[in-house]
Amino acid sequence: MSYIQKQLPEFLYDKRDIVRLIIFTSLFALVFINIYSPFGADRWFDVTELEFLTYSSLVILTGVLVVVISRVVMYYVCRKHTLLIWQYLVWIFAEIGLMALFYAIFQKAVLKDPRYFLDLFELSAKNTALVLLLPYSVMWLYFSWRDKKNEIERLAGLQAFSDNTRDMIPFYDEKSVLKFSIKKENLLYLESTENYVSICYLNKGKVSKYLLRDTMKRMEENFAGSDIIRCHRSYIVNFDKVKVIRKDRDGLRLELDTPSVPDIPVSKTYIENVMHAFTN
């Protein structure tokens with residue numbers, strides 16, 4: 001499988017990282033337009049440098065609203081559907097096109113630029129690509145580096161913990177701080193809740209939950225090779241607790257050995273995981 005066919009990393013649609021991306025892109029765009037003066041920005045108004053900074057900042061931030069709206073839509077789409085990297089790249093070029101269209105219309109309708117609209121759109125697209133692609137690339141590299149760094153620290157902590165504790169599963173938060181540990185026999189399943197993971201477990205015979213700030217992706221990586229498997233975008237299940245695999249109109253369902261626990265759905269993406277665990 002090529003890289004662009006892979007699933008989009010979760011840090012690219014994490015709510016807080018989206019906010020960071022928008023802020024960084026806005027600041028970069030403000031610096032870019034006031035230093036490079038694309039779109040003929042230095043000829044927009046016959047004003048002082050300070051006044052130009054104010055006017056150009058308002059215009060560029062209005063254009064960045066395209067990015068804000070786009071990322072909000074992406075956040076909600078990714079909560080329900082799996083986005084692949086190639087689809088994310090198409091999404092970015094759509095953002096560039098919409099933002100370029102805004103600036104071309106602004107130059108033609110507001111600034112009365114005499115050039116042809118298609119020429120204005122082409123020029124705007126080139127400059128908008130610089131405004132967006134540079135900060136996007138920088139933030140992608142930063143998020144990826146931070147994600148790998150946290151994962152290395154987490155794995156080191158897991159190894160150190162497992163060397164000293166038997167049959168206990170440690171759970172670390174996104175900052176690699178140990179927050180919760182439980183015997184494997186008491187773990188039922190994990191459920192994604194926005195930027196949190198809800199750990200469902202048995203406590204003195206009763207079903208309890210513990211909320212941990214982390215992502216399902218990191219949880220899945222932590223349990224790789226074990227029989228605690230991901231079966232759905234929102235669920236990871238302790239397969240030792242599964243007593244029935246049932247197929248109905250809505251797809252596969254996993255029935256656990258605890259009566260009060262709801263059936264766990266299996267999505268098409270993770271059927272192979274479930275069947276591999278079943279055959280083993």
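Descriptive notes on the structure:
- Peptides 111-117, 176-182 ranked from most to least packed give 176-182, 111-117, packing being the mean of other C-beta atoms within 10 angstrom over each peptide's residues.
- When each of 179/204; 183/268; 209/241; 184/204; 184/247 is checked by Cα-Cα distance, pairs over 22 Å: 183/268; 184/247
- Folded to 0 to 90 degrees: helix 15-35 orientation relative to the chain principal axis, Cα: 20 degrees
- Each 10 Å bin from zero up to the one holding the largest Cα-Cα distance in the chain carries the following percent of pairs: 6, 23, 25, 18, 13, 9, 5, 1.
- Projecting the Cα positions of 238, 72, 143 onto the charge dipole of the chain (unit charges on Cβ atoms of Lys, Arg, Asp and Glu, taken about the Cα centre) puts 238 furthest along the positive direction.
- The length gained on full extension between residue 250 and residue 208, counted as 0.36 nm times the residue separation minus their Cα-Cα distance, comes to 12.4 nm.
- Shape of segment 199-280, Cα gyration tensor, a/c cut at 1.5: oblate
- Reduced Cα scattering model of segment 130-280, Debye log10 I(q)/I(0), q = 0.09, 0.16, 0.18, 0.20 Å⁻¹: -0.33, -0.92, -1.11, -1.29
- Size of charge dipole - segment 167-279 - debye, nearest 20, with Cβ of Lys, Arg +1 and Asp, Glu -1, no other charges: 180 debye
- Packing-based exposure ordering (other Cβ within 10 Å, fewest first) of 231, 78, 200: 78, 200, 231
- Cβ-derived FRET efficiency at R0 41 Å, residue 116 paired with residue 196, nearest 0.05: 0.20
- Candidates 129, 109, 94: whichever shows maximal mean-square fluctuation once the chain is modelled as a Gaussian network with Cα springs under 10 Å: 109
- Counting neighbouring beta carbons within 10 Å and listing from fewest to most, the residues 227, 257, 14 come out as 257, 227, 14.
- Helix 49-80 axis versus longest C-alpha principal axis of the chain: approximately 30°, rounded to the nearest ten.
- The order of 232, 81, going from fewest to most other C-beta atoms within 10 Å of their C-beta, is 81, 232.
- The helix-only estimate of mean residue ellipticity at 222 nm for the chain, built from DSSP H runs of length n ≥ 4 each weighted as -39500 (n - 2.57), is -17500 deg cm²/dmol after division by the residue total.
Coordinate-derived values only; no laboratory data. The model shown is predicted, which means the values in this text are computed figures rather than measured ones. No Cβ is skipped: glycine too gets one built from the backbone with ideal geometry, and neighbour counts run over all protein chains shown.
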